[in-house]
């Protein structure tokens, strides 16, 4: 079974129910894609993306690299989300999107 890691950034006024739903969507995405979710990293509002950096460090420990995010917008704090995804893909990191099907990328 492949190992995957999840990541998302909380948004302003995000309720606990929304956090739970986001977690469940990432877990479901991992299951659908035949992955075991090893860890889920969550950045708080208006903080540096330290959890994203931890997620990427964890992903890089594996040969088969999978990162699940709700949408590419969760990379917006780093810069252009599409360019950031392309950079991750250049490191052979597969990016799976758990929620938004209208963005380019694999959606669960």
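All of the numbers you see were taken from the coordinates with simple rules; none came from a lab. Predicted, not measured: the structure shown is a model, and the values here were computed from it. FYI the Cβ positions are ideal-geometry reconstructions off the backbone, even for glycines, and counts take in every protein chain you see.
Looking at the stretch 70-86, is at least one residue closer than 19 Å to residue 1 by Cα and touching a strand residue (DSSP E or B) at 6+ places or on another chain (Cβ under 7 Å)?
no
From 38, 4, 17, 25, grab the single residue that is on the phi < 0 side of the Ramachandran plot and without any contact (Cβ under 8 Å) to a residue 12 or more places away in the chain.
Testing whether each residue is on the phi < 0 side of the Ramachandran plot and without any contact (Cβ under 8 Å) to a residue 12 or more places away in the chain leaves just 17.
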